Amino acid sequence: MARKISEKLMHGLSAVALHPATAAAAILLCTAFLFLLERAVEHMPFVMLCVLGIATLLFLASRRVYFSIYTALAATVLVAIVSVLKYRTKGFDLHIYDIVFTGTDPKAFAFLINGFASYIVPVAGLMICCLIVLSIVFIRDGKHKMTTLKRTGLVAVAFALIPLSYPLKADEPRYFHYLGGFNASAFFVSFLDLRDAAIGRGIADRFAGLPDVEPFAEAGPCDMTGPKPDIFVVLSESQTDLGRLNQYGLDQKFADRFKSADGKRRELRVETFGGGTWISNFSLMTGLSSLDFGWRAPYLTTTMEGKVQQSLATELARCGYRTAVLMPMDHGFVNEGPFLESIGFDEVLDYNRIGASEYAHPDRFNFESARSFIEEHRKTDGRPLFLEVQTMFAHSPYSDHRAEDEPDSLTDSGIFELDEYVRRVAQSQQDFDWYLAQAQADSTEHPSIVLEFGDHQSFATRELVNHLYPDFAVDELTSSAYRTYFTVHGMGMDVDMTPFDFASLDIGYLGVSLLEAAGVAKSPMFAELAALRDICEGRLHFCADRAAVDRHLQKRIASGYLTVQ
């Protein structure tokens, strides 16, 4: 009896699902939902024609009309939801290369599972539910008698219409579309980047037809007259200058933080928001703007491995330095370890080398690991040391309370994610004080310069910064969304701060400014990069004299220092 009732119920539900009115209602509801995620009515023809294209391909393969319609709608909605989650945390829409690179990188995938389970688990549950329902629809939906030739014709028509509805202008860079939060269309637009990569379109196209340039002169010996200080760089993960935010008492609580040894606050311009630490590190180490690579910007550690021959590491190695990076991630995460080695770093001390048990240890753990490396280096190696320490504690997610030694008197905003972020930043800054104190204690025998910088803002402060700074816009790369800070501290030595004294300094110039501040002799290429910084008043990609930037890039290419496609 129960079986008969179940079969009758299933038959009734199938009859409803496999009805033209139900399919039409599903199309309308999904269209409305996708519009809410896209927020641009002019993009909707493109989005829905992409749905149609998926449906016709499924129909060609399965001959099931309703299964094809519902699967195409479900797939598009799920992609858009994932894009919303990525945009919220990273400021960059879902891209096909997230599957090509990140999706096929087990270490990156493990990090996402570990850090963003609160997002991934519900989406995975929704996907499983969709698979169950669609499987039932597949079984119940009868095969259509339309011939293969006609079904193929439908596919051809759908894919012929898609380009006619393309939402960008022909010459409009797609990179800015991915920054715009167009979560229903971005993933489909990104397939064109896959096409361009296959046929070799890229940064080199900018120089087509321009006059040839002479390569840089060969770098001679490193003639430094003064001592060679140790150089320490600290990448302060997800941190921004909270002392600039006059809300919830943050400007008072952090009034004495984020300042260099001379007491000044300095503004750094980065090229990523909410995530993408490796993008900032790429620019720091190479003196290149990731924006010049367009849509490739989030994937440069993979696409540019072995293609950058001059870097901050090679410059310091030329002057006798040992070069190393300590990173809280696995060596192969987003290919950063292999990339750093390809640009000249002697050693990459990754998650396993430092004995980490989790990605987001308090920063003190990373700093203590760095100190162990420094002490061992000084016992066994007579060279000066260049060491970057990447931290992780202030990274999202902020769904759990991670501060282990919570500072006193932090004002609560009532916004859990913001409060947790502020607590972590405060603790990270205390840990950085400890690291500075260790360098100061060594300064008599081992003078050093310590540069600290925020790699990007956190999405936890997004609404606050948006409220305080009207120009805030993730899709506007000159807005306050891309403003962080850097600090410089001389330990047992005088530091020339002139190379840093700009109203705002782009991160691509931070490395060469550090070389000058430390008194390191520059090669011809880095000397020109420093001159470019002065001509452009601290701006790189958005330099008013853009032709000068392009000539510099051409000279790198002509010298064999940069390989582009």
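When the residues of the stretch 363-392 are filtered to those that are touching a Ser or Thr at 6+ places or on another chain (Cβ under 9 Å) and either of a type in the set (A, V, I, L, M) or at pLDDT below 95 (or both), the one that is farthest from Phe345 (Cα to Cα) is Met392. The stretch 36-144 holds no helices (runs of 4 or more DSSP H) entirely within its bounds that carry 3 or more residues that are surrounded by 21 or more Cβ atoms within 10 Å (Cβ to Cβ) and assigned by TED's automatic domain parsing to the domain that holds Ala356. Considered as a group, the residues in the stretch 410-428 that are crowded, with 20+ Cβ neighbours inside 10 Å and among the polar types (S, T, N, Q) include one that is nearest to Ser458 (Cα to Cα), and that residue is Ser428. Within the stretch 251-295, the residues that satisfy the criterion of being farther than 30 Å from Gln554 by Cβ and among the acidic types (Asp, Glu) are Asp251, Asp256, Asp262. Filtering Ser448, Ser413, Ser480 for residues that are in contact with a Pro (Cβ under 8 Å, 6 or more places away or on another chain), of a type in the set (Ser, Thr, Tyr) and in the same structural domain as Phe386 (by TED's automatic domain parsing) leaves a single hit, Ser448. In the stretch 115-129, the count of residues that are within 25 Å of Met48 (Cβ to Cβ), of a type in the set (S, T, N, Q) and within 36 Å of the chain's Cα centre (by Cα) is zero.
Selection of first residues in the stretch 242-256 that are assigned to a helix (DSSP H, G or I) and of second residues that are surrounded by fewer than 14 Cβ atoms within 10 Å (Cβ to Cβ) and of a type in the set (D, E, K, R), restricted to Cβ pairs under 9 Å at least 6 apart or on distinct chains, gives the following pairs, ordered by first then second residue: Gly243/Asp256. Filtered by the rule that a residue be on the phi < 0 side of the Ramachandran plot, of a type in the set (Gly, Ala, Ser) and crowded, with 23+ Cβ neighbours inside 10 Å, the stretch 233-279 gives a lone residue, Ser236.
This table checks each residue for (1) in contact with a Phe, Trp or Tyr (Cβ under 8 Å, 6 or more places away or on another chain); (2) not in a loop (DSSP other than H, G, I, E, B).
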position	(1), (2)
Met224	no, no
Val234	yes, yes
Arg296	no, yes
Leu316	yes, yes
Ala324	yes, yes
Pro328	yes, no
Glu336	yes, yes
Glu341	no, yes
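The single condition among (1) touching a Phe, Trp or Tyr at 6+ places or on another chain (Cβ under 7 Å); (2) more than 30 Å from Gln429 (Cβ to Cβ); (3) modelled with pLDDT of 95 or more; (4) aromatic (Phe, Trp, Tyr) that Tyr178 does not meet is (3). Considering only the stretch 442-449, I want to know if a residue exists there that is assigned to a helix (DSSP H, G or I) and closer than 21 Å to Thr323 by Cα. Yes, that holds for at least one residue.
The values are calculated or read from the model by the stated rules, or taken from the named source; none is laboratory data. Not measured: the values here are computed from a predicted model. Glycine gets a Cβ as well: all are built from the backbone with ideal geometry, and neighbour counts include every protein chain shown.
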